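The values are calculated or read from the model by the stated rules, or taken from the named source; none is laboratory data. Everything numeric here is computed off the predicted structure, so don't read it as measured data. Note that each Cβ is placed from the backbone with ideal geometry, even for glycine, and that neighbours are counted across all protein chains shown. Remember, those area values only see protein heavy atoms, side chains included, never the ligands or the DNA or RNA. Shrake-Rupley method; radii C 1.70, N 1.55, O 1.52, S 1.80 Å.
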Amino acid sequence: MRLASKIFLTSALVIVVLAGVGILSLRAVERLVSVNRDIATRTVPALRLTASTREALVPLARLETHAVVLGDPRYATAWTERSAQVAADLVRLATYAQSPEETLHIREARAFEEYRRLVAEEHALLLRGDHAGAVRLTDTDARELVEQVQESLDALMASTHTRVLAVQAETARLEARTWTAMLVALGAAAGLALLGTAIIAHRMTRSLELLSSATAEVAAGAFREPISVTSHDEIGSLARSFNSMGSQLRRMEETRQEFFATVSHELRSPLTSIRGAAELLHEGVLGPLTDRQGRLVNIVTLSSGRLLGLVNEILEMSRLRAGLVELDRKPLDLERLVSRAVEELYPRAVEAGVTLECERLGANFTYCGDEERLYQLVINLGANAIRFTLGGGRVIVRVIEAGPEFELQVEDTGVGIPADALPHIFDAYRQAHGERGGTGLGLAIVRGVADAHGGRVTAESQEGKGSRFTVLLPHT
């Protein structure tokens, strides 16, 4: 899956969760709005109408009593008007009923129609002159019917109030559930977003770290194993391309090393023969030479010697980089080894006008190593120091017993190494100052010999003030 698809799916999952939260929230809001609308448009008017109807019954009964006792037609007319209004209100109340209990109480309140019929009968008795019969109806049956209607309206108000409380409780529960669902969903969305981001970031950074490490190995010429590729996104494609590039570079490097080794090996035998023949001529084995012939023979001897030395360095470098060097480890005295190397370097130092010194710090310098290669290591470092130190300067070769390690130091007061060249100073065929000659293999061989002994080599330098190379060899 491509990286863009992974990011899209993670984002889509979060959006789906948020959309679900939004839909649930909208449904909850819709329910709350519906409940509030119902309370505002039906329940509250119903309560008001019930209360006003309940309150109208007492004055209505009073008007009935006045009309019967006093026989005043104005009271009868007022009662008729108000009773009609109460009847109309009871009819309106039927439209507000929302539960079976409320419908039952409104049906019971319809006893008001029986009350109106009874009052009409009272008026008829008054017209016939039966005043006592009308009063009897008013005090008994009419009073009972009014009380029955009042009780029904009280029960209706209680039922409505109970329903309102239940709706409010349901609304509170719905609101709580909505908040809980929103918080849980938001937390889940945030968790999914963080988890998805963390997984993608972890895989990306892990792959990029592998690529970075492999790139550093390629830059150092030590890339051997391909990167393990398990993903099919852009980074996986990049890793596969990198593996392909690394494989090609590895093959090119192997071809180059094989070429140098083959050419060097093929050159070594004829160069040895040329040098041997030139030395025989110089010694006069075939007869005396003229001065001109002697100079030419010296040129051939020196040139063939330099070429042979270069060939030997290339062969040694090829063996070191291929890991084919078998060390001839023997107990040796590092102090004596360094002293012999300084003696060999002394003529070069005198010729360059450089002071060459040898120092030692410690008491026991016994070490088990390959004497020939360690000797060449000191020679390479010392020769480099003399080459890059101006006349009047100083080169110090030290051997130090430093606890678990021995240190071989070569310090000079030469031209120093530029800061940008210092990280690559031990790479083969790399030179900080190419104009001063050299093959660029000396320091690479130094590092190879140090690595073969399980040690390491460091370089410190300040341009214009000098350099210090330190080879650290562990006690064996």
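When the stretch 369-408 is filtered for residues that are of a type in the set (S, T, N, Q) and more than 17 Å from residue 441 (Cβ to Cβ), only 389 remains. Going by the structure shown, is residue 279 at pLDDT 70 or above and either open to solvent by 90 Å² or more (accessible area, probe 1.4 Å) or of a type in the set (Asp, Glu) (or both)? Answer is yes for this residue.
Just one of the listed residues (171, 95) is modelled with pLDDT of 85 or more, of a type in the set (Ser, Thr, Tyr) and within 20 Å of residue 35 (Cα to Cα), namely 95. For the stretch 115-147, a tally of residues being open to solvent by 80 Å² or more (accessible area, probe 1.4 Å) and either under 60 Å from the mean Cα position of the chain (by Cα) or under 30 Å from residue 159 (Cβ atoms) (or both) returns 3. Taking each residue of the stretch 137-153 that is closer than 14 Å to residue 121 by Cβ and looking for partners that are open to solvent by 30 Å² or more (accessible area, probe 1.4 Å) and of a type in the set (D, E, K, R) with beta-carbon atoms closer than 6 Å, six or more apart or interchain, yields 145/114.
Let's see how each residue does on (1) open to solvent by less than 70 Å² (accessible area, probe 1.4 Å); (2) assigned to a helix (DSSP H, G or I); (3) in contact with a Pro (Cβ under 6 Å, 6 or more places away or on another chain); (4) hydrophobic (A, V, I, L, M, F, W, C):
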position: 38; (1), (2), (3), (4): yes, yes, no, no
position: 42; (1), (2), (3), (4): no, yes, no, no
position: 47; (1), (2), (3), (4): yes, yes, no, yes
position: 53; (1), (2), (3), (4): yes, yes, no, no
position: 59; (1), (2), (3), (4): yes, yes, no, no
position: 85; (1), (2), (3), (4): no, yes, no, no
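Candidates in the stretch 452-476 are the residues that are on the phi < 0 side of the Ramachandran plot and part of a loop (DSSP other than H, G, I, E, B); of these, the one that is nearest to the chain's Cα centre (by Cα) is 455.
Of all the numbered requirements in (1) closer than 27 Å to residue 47 by Cβ; (2) surrounded by fewer than 13 Cβ atoms within 10 Å (Cβ to Cβ), residue 174 misses one, and that requirement is (2). For the stretch 406-429, filtered to residues that are small (Gly, Ala, Ser) and more than 17 Å from residue 387 (Cα to Cα), the residue that is farthest from the chain's Cα centre (by Cα) is 428. Scanning the stretch 363-379 for residues that are in contact with a strand residue (DSSP E or B) (Cβ under 9 Å, 6 or more places away or on another chain) and among the charged types (D, E, K, R) turns up 370, 371. Can you tell me which residue within the stretch 180-216, out of those that are modelled with pLDDT under 80 and closer than 30 Å to residue 37 by Cα, is least open to solvent (accessible area, probe 1.4 Å)? Among residues in the stretch 180-216 that are modelled with pLDDT under 80 and closer than 30 Å to residue 37 by Cα, the one least open to solvent (accessible area, probe 1.4 Å) is 185. The residue that is modelled with the lowest pLDDT, counting only those in the stretch 439-466 that are farther than 21 Å from residue 405 by Cα and open to solvent by 50 Å² or more (accessible area, probe 1.4 Å), is 439.
For the stretch 62-75, filtered to residues that are open to solvent by less than 10 Å² (accessible area, probe 1.4 Å) and in contact (Cβ under 8 Å) with a residue 60 or more places away in the chain, the residue that is nearest to residue 144 (Cα to Cα) is 64. Among the residues of the stretch 122-146, the one identified as of a type in the set (Lys, Arg) and closer than 15 Å to residue 83 by Cα is 143.
The set of residues in the stretch 54-79 being polar (S, T, N, Q) and closer than 25 Å to residue 154 by Cβ consists of 65 alone. Residue 23 meets each of the listed conditions (1) under 30 Å from residue 200 (Cα atoms); (2) of a type in the set (A, V, I, L, M); (3) in contact (Cβ under 8 Å) with a residue 60 or more places away in the chain; (4) open to solvent by 50 Å² or more (accessible area, probe 1.4 Å) apart from (3). Looking only at residues in the stretch 407-427 that are more than 19 Å from residue 455 (Cβ to Cβ) and in contact with a helix residue (DSSP H, G or I) (Cβ under 7 Å, 6 or more places away or on another chain), the one that is modelled with the lowest pLDDT is 414.
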